[in-house]
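Colleague: Sharing a structure below in structure tokens format, with a few things to ask.
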Amino acid sequence: MKSLNRVLLSASLALICLPAWAGHKQHGYDYAKVVSASPVFETVRYPVDEQVCWEERAWRHQPHEVAPTVLGAIVGGVVGHQFGGGHGKTALTVAGAAIGGTIGHRVAHRYGPAGPYPVVRNRCEIQRNWRTEEHIAAWDVAYKYHGAIYHTRMLEEPGRKIRVRVHAQPARYLRN
């Protein structure tokens, strides 16, 4: 019975120490005290499209009225048609229409709008502007573990303590 216990104890110890003998790394976790944490800033530049509007002055030409010319031609044609006979009647109708149209055109120019007039137009366009902002990209952290100071960069702001992975590996045994 004692020999069976010794065999089981030896086998258990061998199984426990086997990873250390094989050179496998042992990992564990612990907590370390944060000594300092400094933000690392990153400048981000992005486009912003904005609509920009302004008032613009321009001159507009008033189109001449056609109605007085046409009306004058009709009245002149009717008056010319009242005179003459045969081919003469047709000629006087055409001449009356031409003279009436000319008179109507001159009256429209004389009493119509006097040249160009000012107008105000709203004009708009899209302009691309650039904005810059600073963001915290990471944190430079100093922490103390077993009396030594270590440094790392983290993506999130640490608290008073951070979790660290501890690596244990047997050292070579030196004989004196």
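We did not get these values from a lab; they are worked out from the coordinates using the rules stated. Source: prediction; values computed, not measured. Here the Cβ is made from the backbone with ideal geometry for all residues, glycine too, and neighbour counts use every protein chain on show.
Colleague: Which length gain, in nm to one decimal place, applies between Asp140 and Thr43 when the Cα-Cα distance is subtracted from 0.36 nm times their residue separation? Numbers along the way, then the final one.
Modeller: On the way: separation 97, 0.36 × 97 = 34.92 nm, distance 1.69 nm.
Extra length available between Asp140 and Thr43 comes to 33.2 nm.
Colleague: Moving to a separate point now. If I take R0 = 25 Å and measure r between the Cβ atoms of Cys53 and Val119 in this structure, what FRET efficiency does the formula 1/(1 + (r/R0)^6) give, to the nearest 0.05? Please report the intermediate quantities before stating the final value.
Modeller: Numbers: r = 16 Å, r/R0 = 0.65.
After rounding to 0.05, the efficiency reads 0.95.
Colleague: Given contacts defined as C-alpha pairs under 8 Å and at least six residues apart, what's the relative contact order of the stretch 35-104, whole-number percent?
Modeller: It comes to 31 percent, rounded to a whole number.
Colleague: Another question, if that's okay. Just in the stretch 109-162: which trypsin sites (Lys or Arg not before Pro) are loop by DSSP and have at most 10 other Cβ atoms within 10 Å? Present the calculation step by step, with values, prior to reporting the outcome.
Modeller: Values: sites: Arg110, Arg121, Arg123, Arg128, Arg131, Lys144, Arg153, Arg160, Lys161; in loops: Arg160.
Passing sites in the stretch 109-162 are Arg160.
Colleague: Starting from the amide H of Tyr145, placed 1.01 Å from N in the peptide plane, find each other amide H under 5 Å away whose residue is 5 or more places distant or on another chain.
Modeller: For Tyr145, whose amide H was placed from the backbone, the distant partners under 5 Å are Tyr150.
Colleague: Here is a follow-up. Measuring from label point to label point, each 7 Å out along Cα→Cβ, what is the Arg163 to Ile74 span in nm?
Modeller: 9.6
Colleague: Give me, ordered by chain and number, the residues 5 or more places off Val164 or on other chains with an amide H under 5 Å from its own placed amide H.
Modeller: HN-HN under 5 Å from Val164: Asp30, Tyr31, Ala32.
Colleague: Tabulate in residue order the Karplus-calculated ³J(HN,Hα) for the stretch 136-147, using 6.51 cos²θ - 1.76 cosθ + 1.60 with θ = phi - 60°, rounded to whole Hz; enter x for Gly and Pro.
Modeller: Once rounded to whole Hz, the list reads 7, 8, 6, 10, 8, 10, 10, 9, 10, 9, 6, x.
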